[in-house]
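Report on the structure given below.
The values are calculated or read from the model by the stated rules, or taken from the named source; none is laboratory data. The model shown is predicted, which means the values in this text are computed figures rather than measured ones. Note that each Cβ is placed from the backbone with ideal geometry, even for glycine, and that neighbours are counted across all protein chains shown. Side chains included, ligands, DNA and RNA excluded: accessible areas come from the protein's heavy atoms. Shrake-Rupley method; radii C 1.70, N 1.55, O 1.52, S 1.80 Å.
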Amino acid sequence: EMAAAGAVHQGKPPLLPARHRRAAVGSIARAVPQLGRGNMSDYDVVVCGGGPSGATTAFYAARAGLRVALIDRAKFPRDKACGGLLTPRVLSELPELKPVIEPVIECASHDVRLYSPSMKYRIDFDFGPQTPWNIRREIFDNALLEAARDAGAEVFTGTRASGFDFNGGVTVTTPQGDLTAQVVVGAMGPNDPLAQLMRKERGVAPWHDGEIGTALMWEPEVGRDFMEHAFGDKRSLLVHFRPAGIEGYGWVFPKDTILNIGFGGYNRTIKSINVREIWKGYLELLRNDGYFPANDPDPPVKGAPLPLGGPLRATTMERTLIVGDSAGMVSPLSGEGIYYGMHAGKLAVETIQQALASGDFSQRALDSYHRAWQHAFGQELRDLSFFAKLALKFPERMVYYGTRDPKMCEIFADLFLGVTPGGLGKRKPVARALRNVIRYPYFGWG
């Protein structure tokens, strides 16, 4: 573990051969605990949702010696529509999970190419030591779930939370039986029913189409030879702003032998387009530029909702905490939410421990969790929300400025991919953009 941590510090984690990585985490052959119908099982905390934020919450809770149940309606391993890019902060903020995460990293991407909508301008940015890592969600999520199990959590997959009852504790109803606990954590994504209960209790309005987006992607196998020819040792990331006019971006994130190709945007525009036609056009663009095999058939596309309106102003109620996508902890600019959700899960456990020690499970007591994640990354998400409006409204102009101004290039790439802890703050990018409006007349001659 020490050798691995040292290697990560140098920007190059030790990677097992791909077949060994998949063999290590690609199966859950162990017996899964079974709930008998009507059975009452007593826990300190029940985590609803087995994705990265929920599994991380269960991992840290079990590691702290709490009695933990983790439930998810899916059978694992299962895939998820996502770019599958980890920022360095995942490893630095959650060091206890390094031995779990490092073996499933596919490769590093050392730079990014950001294209303007017209393809006339391109930002090339080298990440230096802040290298992001590529993972495959099917493998990564399963590894985190198994880590929670190994830490002592009881894991129930294929188990859907169908109801919640609060009466001197909390009872989570499932078709397989009931689970009782002192605290429940919601980590079931944008449509989380527990988060909806919390919203109603706290007076938080539901998301509308201007706050929800959709990510559409697929991961075709292209082979290592093509990958090395097209993307080289740097495994360069590609980002295309507003492909076919979508209010969002398209991406290509190269893994070991698989390309993660996708595009996403706000539902207010996604609902008005022909997805199949845009997907076909984006693949043709990549073929023409040599980033997708010319003779390979078009892969199918799958999608998932993304909350892009920023984090909720309330993330707790009595005996309840909400983490990850359920709480809107997603970058409104890039759609990245893995780091925020996992970090929130770790912070949630600290508050749960305090509540169990004091016996106080009121909203007021649990709000220490809300303050903790706000302090850790709340301002960053607010800054990203502000900059997303600027970048997605004027992407041609912002990329143009980035080609002229190295500092603007750094700010733009950094805010988009979130490689600097704590964010850069909205004043810097806005002030820099205003400076560039004067210094470099748009499309001009400055």
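Listing for the model above:
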| read-out | value |
| --- | --- |
| Inter-residue pairs, beta-carbon under 6 Å, first open to solvent by 90 Å² or more (accessible area, probe 1.4 Å) and in segment 268-290, second assigned to a loop (DSSP other than H, G, I, E, B) and not acidic (Asp, Glu), 6+ apart | 268/210 |
| Which listed residue, of 357, 344, is buried (at least 19 other Cβ atoms within 10 Å of the Cβ), modelled with pLDDT of 95 or more and outside any loop (DSSP other than H, G, I, E, B) | 344 |
| Selection within segment 390-419 - in contact (Cβ under 8 Å) with a residue 12 or more places away in the chain, in a helix (DSSP H, G or I), among the charged types (D, E, K, R) and over 23 Å from residue 131 (Cβ atoms) | 396, 397, 404 |
| Test: residue in segment 245-255 that is more than 21 Å from residue 385 (Cβ to Cβ), in contact with a helix residue (DSSP H, G or I) (Cβ under 9 Å, 6 or more places away or on another chain) and assigned to a loop (DSSP other than H, G, I, E, B) | yes |
| Search result, residues across segment 206-243 that are open to solvent by 70 Å² or more (accessible area, probe 1.4 Å) and either part of a strand (DSSP E or B) or closer than 30 Å to residue 165 by Cα (or both) | 206, 208, 218, 221 |
| Leading residue by the ranking (surrounded by the most Cβ atoms within 10 Å (Cβ to Cβ)) among those in segment 291-304 that are without any contact (Cβ under 8 Å) to a residue 60 or more places away in the chain and not hydrophobic (A, V, I, L, M, F, W, C) | 298 |
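For every residue, the table says whether it meets (1) surrounded by fewer than 21 Cβ atoms within 10 Å (Cβ to Cβ); (2) out of contact with any Leu (no Cβ under 9 Å at 6 or more places or on another chain); (3) touching a residue at least 12 places away in the same chain (Cβ under 8 Å); (4) farther than 30 Å from residue 45 by Cα.
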position: 103; (1), (2), (3), (4): yes, no, yes, no
position: 113; (1), (2), (3), (4): yes, no, yes, yes
position: 117; (1), (2), (3), (4): yes, yes, yes, yes
position: 123; (1), (2), (3), (4): no, no, yes, yes
position: 129; (1), (2), (3), (4): yes, yes, yes, yes
position: 140; (1), (2), (3), (4): no, no, yes, no
position: 150; (1), (2), (3), (4): yes, yes, no, no
